[in-house]
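S.K.: Once you've had a glance at the structure underneath, I'll fire off some questions.
All of the numbers you see were taken from the coordinates with simple rules; none came from a lab. Being a predicted model, the structure only gives us computed values, none of them experimental. Please note: Cβ atoms are built from the backbone with ideal geometry, for glycine as well, and neighbour counts cover all protein chains shown.
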There are 2 protein chains.
Amino acid sequence: MTYGRLGRFTAQPGGRDELVAVLRRAAEAMHRDPGCLHYVVGTSQEPDAVWVWEAWTDKAAHDASLEPPEVRETIAAAMPLIAGMSDVAELDVVGGKGLPEEHA
Amino acid sequence: MTYGRLGRFTAQPGGRDELVAVLRRAAEAMHRDPGCLHYVVGTSQEPDAVWVWEAWTDKAAHDASLEPPEVRETIAAAMPLIAGMSDVAELDVVGGKGLPEEHA
């Protein structure tokens, strides 16, 4: 089953742009991971809010993506920039537009 | 600016699968809309929850997508299946994986 997740980070006050930069570096690393279908970063009108929404070939691909040293370093860089997380959802992706055909 | 939106629908009790089917038909229609980059439908462990997350070339493309008669019909078909919406966010997409290069 195609695996999705999404959630809202709240950056430390004034730290939103730095957190966005770290998450965009994470997205760059995902380009080398064939199990990652989508990893999208966005901001909203809420101060300090950064949303990430993701689609993976399956949950195992997501879980494995957290293991490489460069990803652990990115997570370590992001942690002090994050004040909290909310609206976190793990999802069974049932289909849609923008996914590879076998996952749509 | 690439435009994103996401949100959680709560289906009427027992109506989740029917709502998913309607939203998948909506996603099919989006395949004919070049302004729609992503329109992904997923379910979670929460009973009756259906999430949709979207990316558009810009907000105007999203707003225009709601106008065609077939889309209005799909919205009308979905409305009686929906008990509520929550966690709705409008987003400035700053980049990521899975988007066309000029939006990534």
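S.K.: Quick one: which residues, 5+ away or cross-chain, put their amide H under 5 Å from the amide H of B:Ile82? H built at 1.01 Å from N.
M.R.: Those lying under 5 Å, H to H, from B:Ile82 are B:Gln12.
S.K.: Search the structure for amide H atoms under 5 Å from the amide H of A:Ala104, placed 1.01 Å from N in the peptide plane, and list their residues when 5 or more places away or on another chain.
M.R.: Amide H neighbours of A:Ala104: none.
S.K.: Now for a separate question. From the phi angles alone, apply the Karplus equation (6.51, -1.76, 1.60; θ = phi - 60°) to the range A:91-98 and give each ³J(HN,Hα) in whole Hz, x where the residue is Gly or Pro.
M.R.: 10, 8, 6, 9, x, x, 9, x
S.K.: Taking the Cβ of A:Thr10 as the center, what net charge do the other residues with Cβ under 15 Å away carry, scoring Lys and Arg +1 and Asp and Glu -1? List each step's numbers first, then the result.
M.R.: Details: positive: A:Arg8, A:Arg16; negative: A:Asp17, A:Glu18, A:Glu46, A:Asp48, A:Asp87, B:Asp87.
Net of charged neighbours comes to -4.
S.K.: Give a residue-ordered list of calculated ³J(HN,Hα) values for the range B:26-34 (Karplus: 6.51 cos²θ - 1.76 cosθ + 1.60, θ = phi - 60°; whole Hz; x for Gly, Pro).
M.R.: Each residue's phi maps through the Karplus curve to give 4, 5, 4, 4, 5, 4, 8, 10, x Hz.
S.K.: B:Val94's amide H: which non-local residues (gap 5+, or another chain) put their own amide H closer than 5 Å, with H modeled 1.01 Å from N in plane and none for Pro or chain starts?
M.R.: Counting only residues 5 or more places away or on other chains, the set is A:Val41, A:Gly42, A:Thr43.
S.K.: If you don't mind, there's one more thing I want to ask. Output the relative contact order of chain B, whole-number percent, from Cα pairs under 8 angstrom with separation of 6+ residues.
M.R.: Rounded, it is 44 percent for chain B.
S.K.: Sticking with this structure for a sec: Among the aspartates and glutamates, which fall within straight-line cross-link reach of B:Lys59, defined as a Cα-Cα distance under 14 Å, with same-chain neighbours fewer than 8 residues apart omitted?
M.R.: Partners within reach: B:Asp33, B:Glu67, B:Glu90, B:Asp92.
S.K.: Follow-up question, since we're still on this one. Let me know the charge dipole size of the range B:3-94 about its Cα centre in debye, to the nearest 20, where only the beta-carbon of Lys, Arg (+1) and Asp, Glu (-1) is charged.
M.R.: Rounded to the nearest 20 debye, it is 120 debye.
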